Amino acid sequence: MKIRVLGSGAGGGFPQWNCNCHNCHRIRHNEMNGTARTQSSIAVSTDNRNWLLFNTSPDIRAQLEAFPAIQPKNGIRDTGIKAIMLIDSQIDHTTGMLMLREGKPLDVYCTEMVRQDLTSGFPLFNMLKDYCTVNHHPVPTDGGSFTIPGIDDLRFYTQALKSKAPPYSPHRYDPHDGDNIGVIIEQISTGKKAFYSPGLGEIEPHVMAAMQAVDCVMVDGTFWTDDEMAAQGISQKRAREIGHLPQSGEGGMIEVLNGIGKKRKILIHINNTNPILDDDSTERHTLTAAGIEVAYDGMEIDL
């Protein structure tokens with residue numbers, strides 16, 4: 001199984017276009033040892049030709065151009081993208097579908113709640129009817145498994161996570177199973193497994209079981225502290241309030257990952273305010289000492 005990190009940043013990427021926080025200012029002025037990041041998305045394949053996209057960020061065009069394995073090779077209009085899986089209906093995970101409108105119909109795998117959001121509050125599916133069209137394929141929220149035609153030798157298990165629907169959603173304040181999911185990706189022939197969850201606000205028992213059962217975890221690395229944005233004068237919203245478990249502190253992601261045994265541990269969906277974006281920071285050294293990696297655009301994981 002090959003996993004390609006197309007984008008590793010949170011919404012807005014890094015540096016964010018209108019942000020002058022400590023990190024964004026320094027990366028623009030070459031004053032920090034770090035790397036710019038586009039918005040979060042990954043691609044998965046077993047043959048390096050047929051790819052499943054997880055999420056389609058607003059940066060999808062640049063991400064695909066930077067990835068030769070997924071570019072056209074045969075027909076006048078061609079792509080290595082065989083299907084798309086959406087883990088939620090957030091704008092930074094779905095808007096990229098508008099950039100894919102010139103192609104064939106998009107086979108999109110997502111929950112019923114995500115489908116509802118993308119046909120109502122943010123009607124992407126409706127908008128694309130006059131372009132490529134969207135073929136919706138429902139996915140379970142109870143850990144059930146399924147395969148995807150054209151994506152050989154992979155099986156997927158999807159489970160609901162506690163989360164809020166996006167602000168535009170008609171049920172923003174009425175959470176439902178399927179607003180956000182975690183995914184176990186299993187290569188059938190080898191038994192190797194990865195768990196992907198870029199938005200993770202609470203470690204429920206089934207989430208812990210999933211992380212313990214796989215060979216690689218790629219999970220929420222949005223914030224270092226719960227009050228990160230408030231401390232920098234950006235927003236009064238706390239990490240947990242908007243559905244992201246911070247890395248530090250009691251019950252934080254570092255503590256969680258330390259408790260799941262030996263395996264590859266990778267943080268993805270890094271917010272522009274997070275000090276771990278500075279490769280020389282104390283926080284980054286803390287992660288390294290704990291055996292936790294930080295995803296970057298173009299990172300490839302072979303399982």
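Readers should treat all values here as calculations from the given coordinates under stated rules, not as data from a laboratory. Just so it is clear, the structure is predicted and the values come from calculations on it, not from any experiment. Here the Cβ is made from the backbone with ideal geometry for all residues, glycine too, and neighbour counts use every protein chain on show.
Largest GNM mean-square fluctuation among Pro72, Pro166, Pro138, using the chain with Cα springs under 10 Å: Pro72. Here the simple spin-label model places points 7 Å from the Cα toward Cβ, and for Asn258 and Arg49 these points are separated by 4.7 nm. Classify region 2-302 as rounded, prolate or oblate, taking a ≥ b ≥ c as the square roots of the eigenvalues of its Cα gyration tensor: rounded when a/c is under 1.5, otherwise prolate if a/b is larger than b/c and oblate if not. It is rounded, given that a/c, with a ≥ b ≥ c, falls under 1.5.
How high is the FRET efficiency from Ala290 to Ile91, r the C-beta distance, R0 30 Å, rounded to 0.05?
0.40
Across region 78-83, computed HN-Hα scalar couplings (Karplus, 6.51 cos²θ - 1.76 cosθ + 1.60, θ = phi - 60°) run 8, 7, x, 7, 9, 6 Hz from first to last residue, x flagging Gly and Pro. Using a simple spin-label model with pseudo-atoms 7 Å out from Cα toward Cβ, His171 and Asn18 lie 3.1 nm apart. Assuming charge only on the beta carbon of Lys and Arg (+1) and of Asp and Glu (-1), the dipole of region 1-102 about its Cα centre is about 200 debye to the nearest 20.
Residues in region 121-127 carry Karplus couplings, in order, of x, 9, x, 4, 4, 5, 4 Hz; the curve used is 6.51 cos²θ - 1.76 cosθ + 1.60 with θ = phi - 60°, and Gly or Pro positions show x.
A full extension of the chain between Thr147 and Ser189 corresponds to an added length of 13.8 nm, given 0.36 nm per residue minus the alpha carbon distance.
Each residue of region 25-39 was assigned a 3J(HN,Hα) from its phi angle through the Karplus expression (A = 6.51, B = -1.76, C = 1.60, θ = phi - 60°), giving 4, 6, 5, 5, 9, 6, 10, 9, 8, x, 9, 5, 9, 8, 7 Hz with x at Gly and Pro. Here the contact order of region 25-67, divided by its residue count and restricted to Cα pairs under 8 Å and six or more residues apart, works out to 28 percent. Relative to the present Cα-Cα distance, how much length would full extension add between Leu98 and Ile76 at 0.36 nm per residue of separation? Answer, rounded to one decimal: 5.9 nm. A cut-off of 5 Å between modelled amide H atoms, ignoring neighbours fewer than 5 places along the same chain, links Asn55 with Met85, Leu86, Ile87.
For region 2-302, a simple Cβ point-charge model (Lys and Arg +1, Asp and Glu -1, everything else neutral) yields a dipole of about 600 debye relative to the Cα centre.
Each label was represented as a point 7 Å from its Cα along the Cα-to-Cβ direction; for Gln236 and Ala66 these points are 3.6 nm apart. Straight-distance candidates among the lysines for linking to Lys192, with alpha-carbon spacing under 16 Å and chain neighbours fewer than 8 residues away dropped: Lys2, Lys262, Lys263, Lys265.
From helices alone, the chain scores -4000 deg cm²/dmol at 222 nm; the rule is -39500 (n - 2.57) for each run of n ≥ 4 DSSP H residues, then divide by the residue total.
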